[in-house]
Amino acid sequence: MYCMSTDISRMELAVSVDLPDCYRSAASPDALAALQHFQEVTTHGLGGPNFRAAMLMIGDRTAYCSPYLRHVILAVSYAHQSFLLGEREKDLKAVGLKLATTSHWQRGLQLFGRALSERDETATSGRVHYDSLVATTFLTTMMTFCQHAQPADVTQTKDSDVFTRILDFMTTVGGFPAVRSAFGEPVESSAWTPVLDSTDDKTGGIDAVEDRTERSVVIETYLHRFESSQSETDSLLLTIGRSLAPLLQLQISAIHMPILFAFAGRTWSAFQTLLRQQDDRALLLFSCWLGLLRRTGRWWVMMGATIQLDDINEHLAKSTDQTILSLLGSM
């Protein structure tokens, strides 16, 4: 496992001899070094072993030649290097890394949006392009966590703002259904097949879970009150809760990342409806998912999830619903 205390000097990497020719010809020496940092260092902290293998395989298959993926990869690499610098905010190198992150992030999003909207069959067909789309969607989600690593603006003082911030925070979760809707099921020999298969997305559940935990029992007990309800809101809460309960029985680690994001993809439509209604119960269930995600220990998750959880807990602590307060205390 990649150690977060890795010496900063490891960021000064030589240019790899294995980079795709199309990338080498289009990139500056700084960008080439950033790409190698991504391959050799950053990929260790993105997800589980399957995820890293897929990212490295995409490099071998020259998917880095996709401009939008290239820019997003560079943004993630620079963001990771900035994270490793820690608190040296005024350091000249830190400023340069943040500027590079912002520049590549904005350009990557622009090109990615264009690729999704144009639907050029010649440009969007084949394994390489599909792998690039999925990789970019994953990395965009990660960057969203990094971008939300700062506390809410001091001018945002109303409790209702927490719902707006969470909705904005998780907008990219809808990217995976969008990719599937636009470009269909994974193409043959996709590098992402092992990762997508590990989500158990076809059944909407988990094949094997571990011992029931106190938290899972608490949630299951809470959900019983909604089973006989005819309310659409209660039905949505029950849908979310039934998908969440098995996850609470797992001893979470990085290998569970695909399952956690599959849950988010399946339930995000329900979450959107409830969060727009400013439903504190949905916010509580969402915080359970964020808490599980934070337990994976990934650097980019820790950056964003911790701030969002603090935001949610501060809001829920003011609730007048004693059940919510009791559940919040048991989490």
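For GLN81, state whether it is closer than 25 Å to MET302 by Cα, surrounded by fewer than 16 Cβ atoms within 10 Å (Cβ to Cβ), modelled with pLDDT of 90 or more and out of contact with any Ser or Thr (no Cβ under 8 Å at 6 or more places or on another chain). No: the conditions fail for GLN81. When you look at GLY297, is it at pLDDT 85 or above, in a loop (DSSP other than H, G, I, E, B) and over 21 Å from LEU328 (Cα atoms), yes or no? Against the criterion (at pLDDT 85 or above, in a loop (DSSP other than H, G, I, E, B) and over 21 Å from LEU328 (Cα atoms)), GLY297 qualifies. Only one of the listed residues (PHE271, PHE263) is among the aromatic types (Phe, Trp, Tyr) and under 18 Å from THR140 (Cα atoms). That residue is PHE263. Take VAL154 and tell me if it is at pLDDT below 60 and among the hydrophobic types (A, V, I, L, M, F, W, C). For VAL154, the condition - at pLDDT below 60 and among the hydrophobic types (A, V, I, L, M, F, W, C) - is met. Summed over the stretch 284-322, residues that are surrounded by fewer than 17 Cβ atoms within 10 Å (Cβ to Cβ), acidic (Asp, Glu) and within 30 Å of GLY86 (Cβ to Cβ) total 2. Just one of the listed residues (THR62, THR42) is at pLDDT 85 or above and among the polar types (S, T, N, Q), namely THR42. Return yes or no: is LEU325 surrounded by fewer than 17 Cβ atoms within 10 Å (Cβ to Cβ) and either in a helix (DSSP H, G or I) or on the phi > 0 side of the Ramachandran plot (or both)? In short, yes. Can you confirm whether the stretch 109-118 contains a residue that is of a type in the set (S, T, N, Q) and modelled with pLDDT of 65 or more? Yes, there is a match, as at least one residue in the stretch 109-118 is of a type in the set (S, T, N, Q) and modelled with pLDDT of 65 or more.
The values are calculated or read from the model by the stated rules, or taken from the named source; none is laboratory data. If you're wondering where the values come from, they're calculated on a predicted model, not measured in any experiment. Here the Cβ is made from the backbone with ideal geometry for all residues, glycine too, and neighbour counts use every protein chain on show.
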